[in-house]
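J.: The structure under discussion is supplied below as structure tokens; questions concerning it will follow.
The values are calculated or read from the model by the stated rules, or taken from the named source; none is laboratory data. Computed from a predicted structure; not experimentally measured. Using ideal geometry, Cβ is built from the backbone for each residue, glycine included, and neighbour counts are taken over all protein chains shown. Ligands, DNA and RNA are excluded from the accessible area calculation, which covers all protein heavy atoms including side chains. Shrake-Rupley method; radii C 1.70, N 1.55, O 1.52, S 1.80 Å.
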Amino acid sequence: MIPPEYYLFIGALLFCIGIVIIITKRNAIVVLMGIELILNAANINLVAFSQYDPQRLQGQLFALFVIVVAACEAAVALAIVLRVYQYYQTIHLDEVSELKEE
């Protein structure tokens, strides 16, 4: 059995990589991938801590719920990115400074 410290380390590593990607990158698609890494880090922690749950399914079911929410979030965010690209012809977040139509 793998000790839970390894899961926590991998979760912390994924979380840090996601934060660094969100802070440093300006491409909207790459920022979305950073957000997905953060959600996956949360899922790893949920599954790791479910070992200590007497029913052993609450953490895994909550991780499944997070995966469904992440999929919905990605679909909505990609639709928004496509619409922004259609209007501004770019997906770089620095170049899209105003969302209001004049």
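J.: Pairing the Cα long axis of helix 4-24 with the longest principal axis of the chain, what angle in degrees results, from 0 to 90 and rounded to the nearest 10?
T.: 10
J.: Arrange the residues Met1, Met33 by how much accessible surface each exposes, largest first, with a 1.4 angstrom probe. Working shown, then result.
T.: Details: Met1 195, Met33 110 Å².
My answer, sorted largest first, is Met1, Met33.
J.: So, one more: Please report, as a whole percent, how much of the solvent-accessible surface of segment 4-91 comes from carbon and sulfur atoms (probe radius 1.4 Å). It would help to have the intermediate numbers written out before the result.
T.: Details: 4470 of 5890 Å².
Carbon and sulfur atoms account for 76 percent of the accessible area of segment 4-91.
J.: Another question, then. Using amide H atoms built in the peptide plane, which far-off residues or other-chain residues are under 5 Å from Asn27 H to H?
T.: The list, which skips near neighbours in sequence, is Leu93.
J.: In addition: Per residue of segment 66-72, in order, report the coupling 6.51 cos²θ - 1.76 cosθ + 1.60 (Karplus, θ = phi - 60°) as ³J(HN,Hα) in whole Hz, putting x for Gly and Pro.
T.: Values, residue by residue: 5, 5, 5, 5, 5, 5, 5 Hz.
J.: Which shape class applies to segment 28-89: rounded if a/c is under 1.5, otherwise prolate when a/b exceeds b/c and oblate if not, where a ≥ b ≥ c are the square roots of the Cα gyration tensor eigenvalues?
T.: Working: a/c = 8.65, a/b = 3.06, b/c = 2.83.
Judged from the Cα gyration tensor, segment 28-89 comes out prolate (a/c at least 1.5, a/b above b/c).
J.: Let me ask you something else. Among Pro4, Leu61, Cys72, whose Cα lies farthest out toward the positive end of the dipole of segment 4-91, if unit charges sit on the beta carbon of Lys, Arg (+1) and Asp, Glu (-1)?
T.: The one lying farthest along the dipole's positive direction is Cys72.
J.: Only helical DSSP H runs with n ≥ 4 go in: add -39500 (n - 2.57) per run for the chain, normalise by residue count and round the 222 nm mean residue ellipticity to 500 deg cm²/dmol. The partial results should precede the final answer.
T.: Numbers: 3 runs with 74 residues, N = 102.
Value at 222 nm, helices only: -25500 deg cm²/dmol.
J.: Using the Cα gyration tensor of segment 1-65, with a ≥ b ≥ c the square roots of its eigenvalues, what is the shape: rounded (a/c below 1.5), prolate (a/b larger than b/c) or oblate (neither)?
T.: Numbers: a/c = 4.85, a/b = 2.05, b/c = 2.37.
Here segment 1-65 falls in the oblate category.
J.: Assuming R0 = 22 Å, what is the FRET efficiency of Arg56 and Glu5, from their Cβ-Cβ distance, to the nearest 0.05?
T.: Numbers: r = 19 Å, r/R0 = 0.87.
Efficiency, from the Cβ-Cβ distance: 0.70.
J.: Take Asp53, Asp94 and sort them by solvent-accessible surface of the protein heavy atoms, 1.4 Å probe, largest at the top. Can you show the working numbers first?
T.: Details: Asp53 30, Asp94 110 Å².
The most accessible residue leads, giving Asp94, Asp53.
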